[in-house]
1. Evaluate the Kirkwood expression for the hydrodynamic radius of chain B, namely the inverse of the mean inverse distance over all pairs of different C-alpha atoms, and round to one decimal in Å.
2. Which order results if A:Ser144, B:Ser4 are arranged by neighbouring Cβ count within 10 Å, fewest first?
3. Loop-only trypsin sites (Lys or Arg not before Pro) in segment A:152-258, please: DSSP not H, G, I, E or B, and at most 12 other Cβ atoms within 10 Å.
4. With 10 angstrom as the radius, rank B:His145, B:His82 by how many other C-beta atoms surround their C-beta, starting from the fewest.
5. For the protein assembly as shown, compute Rh as the Kirkwood radius over C-alpha pairs and then the Stokes-Einstein diffusion coefficient at 37 °C and 0.692 mPa s; write the answer in µm²/s, rounded to an integer.
6. Which of B:Tyr109, B:Ala156, B:Leu144 sits farthest toward the positive end of the charge dipole of segment B:109-159, with +1 on the Cβ of Lys and Arg and -1 on the Cβ of Asp and Glu?
7. Tell me, what ³J(HN,Hα) does each residue in segment A:169-180 have, in order and in whole Hz, if you take phi through Karplus 6.51 cos²θ - 1.76 cosθ + 1.60 with θ = phi - 60° and put x for Gly and Pro?
8. Along each of the three principal axes of the Cα atoms of segment A:2-254, give the extent in whole Å, ordering the values from largest to smallest.
Amino acid sequence: MTSQTIALFRYLMLGIISRRLFVLLAVLLLTAVLSGSFIQQLAIINSGAIVGAFIADLLRYSLALLALLMVASAVAEDFESSQFERLLTMPLARWQYIAAQFMVIACLCLLLVLPVLLLVSLYSGPVIGIYWAAALWLELMLISLLGLLAILSLEKIPLAVFFTLAIYLLAKLSGLISEMLAQSVYLSDGSAASRALEIFFSVILYVIPGNSSFAQNDVFFEAANLFTALASQFLSVAVYALFLLAVCLVDFYRKEFDH
Amino acid sequence: MRRSERPMLSLPRPLLLAFVLLLVAQAVHHHFARVRLDTSYRRLSPPFSAQIYRGMALGSEQLFGYLLAIRLQLHDNQVGRHFSYQLIDYRLLIDWLDTITEISPGTEYPLLLASRVYTSTGDPAQLRQILGFIERRFDDDPQLHWRRLAEASVIAKHKLGDLDLALRLARKLARQPASVDMPRWARDFEFLLLAELNELESAIAIIQALLQTESVNDPDERRFLQEKLSELRQKLFESRQVPAK
């Protein structure tokens with residue numbers, strides 16, 4: 001069983017790497033370095049920290065999009081080429097496909113994060129570099145798993161990407177939403193509509209990842225306990241990733257494929 | 001040997017007339033070009049609330065605050081031209097600086113922009129506004145901002161010519177509790193102001209003190225101050241050479 005899963009993982013991983021992954025990665029790194037140099041010229045003070053943080057955040061969002069597109073397009077291609085129907089004729093369980101995809105996502109995120117480790121270490125020192133690489137790996141894992149769930153459920157790349165980005169944005173704004181909900185207690189007119197809206201957003205906040213699931217960019221500017229931040233992020237991501245995998249399995253087992 | 005010249009009135013009348021007309025045309029063109037340039041300046045828009053920017057920062061508030069500060073710093077450079085600081089609405093500018101301070105508390109950048117960049121204005125009213133901002137924001141974190149208040153004090157004395165304001169700012173520095181770690185000279189700043197030093201001498205004394213007491217840790221700022229020190233020494237040297245000629 002394990003060897004079948006690993007064989008499937010190798011096959012899927014080769015598919016991802018053949019999508020000009022390294023060329024795209026090189027372009028993104030070059031863009032980050034060039035725009036970082038531009039910012040460095042403009043900053044009057046603290047330019048080291050500003051550039052480090054800027055490059056880190058630029059790479060965070062561009063790599064998140066790249067990972068999401070890679071995962072979504074690979075699975076969408078499996079749908080289009082009736083790959084699932086072929087796989088199901090083999091002695092493979094459905095969970096093995098999800099397990100193989102999980103390993104692909106973990107390796108893809110590792111590949112994306114390694115140059116970030118080198119670049120951020122170069123600008124902000126090895127300690128921050130290691131923290132950012134580990135935290136970014138966790139964040140990319142989370143987004144890629146969300147993307148996997150979205151593409152398995154929706155089967156179309158634009159829909160899956162839009163859905164994942166919407167959840168990602170909502171999660172990133174969760175702090176602001178919580179604050180708005182807290183303020184709305186004082187501002188609410190007490191109507192059923194406003195209460196329903198408050199309840200809706202409160203429920204949404206329970207099923208999306210919180211702020212602690214993401215890499216903290218403020219570490220570039222202020223002293224922080226990086227180990228605690230990373231441990232807290234790991235716990236949040238681990239719980240949410242397992243939840244996402246469970247939803248993926250439920251959704252994938254419910255799907256009907258023509259044999 | 002200097003060649004002798006014919007009197008102006010002996011020149012052909014059409015040539016004289018053309019000369020005067022073209023001179024007037026050049027002056028009129030220059031005047032309207034300046035007016036056009038002034039009107040092509042894109043004014044500062046009012047900032048949103050700090051809370052909105054915090055939301056837009058998606059968790060990177062410190063970085064976002066710095067990027068907004070850099071954007072503000074570039075405002076006086078538009079379409080490849082540098083516009084006079086007097087064109088900037090200092091009320092809006094201070095709103096921006098306040099908003100940036102609220103987005104990323106603990107940052108020195110807005111006060112640094114205020115004391116090093118926006119005090120370059122030649123308008124005394126704008127200068128008072130920006131010095132008021134520095135004085136007000138100093139209270140947020142005296143440990144972080146004492147250098148900015150010292151700079152504001154020098155500017156109040158030499159640029160604004162308001163010794164009372166300068167002394168008020170210096171006394172504010174002196175009144176800080178012992179827990180605020182700053183060098184002795186900063187607490188005795190009032191005496192430096194009262195000494196008969198000119199603007200260049202005062203600035204050199206402060207920069208030297210800042211560099212010698214290791215109060216400035218940021219390498220960019222140290223480099224900036226060292227360059228400024230060389231520039232001020234050169235200016236002081238030149239100003240002392242002039243009467244000797």
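FYI, it's all coordinate maths here, none of it is from the lab. Predicted model, so just to flag it, every value in this text is computed and none were measured. Note that we place each Cβ from the backbone using ideal geometry, even for glycine, and neighbour counts take in every protein chain shown.
1. Kirkwood radius, chain B: 21.2 Å.
2. If I rank by nearby Cβ atoms, fewest first, I get B:Ser4, A:Ser144.
3. A:Lys255
4. Values: B:His145 22, B:His82 8.
Sorted ascending by nearby Cβ count, the order is B:His82, B:His145.
5. D = 118 µm²/s.
6. Positive-most Cα among the choices belongs to B:Ala156.
7. With the stated coefficients, segment A:169-180 comes to 5, 4, 5, 5, 8, 4, x, 5, 5, 4, 5, 5 Hz.
8. Answer, in whole Å and largest first: 62, 54, 31 Å.
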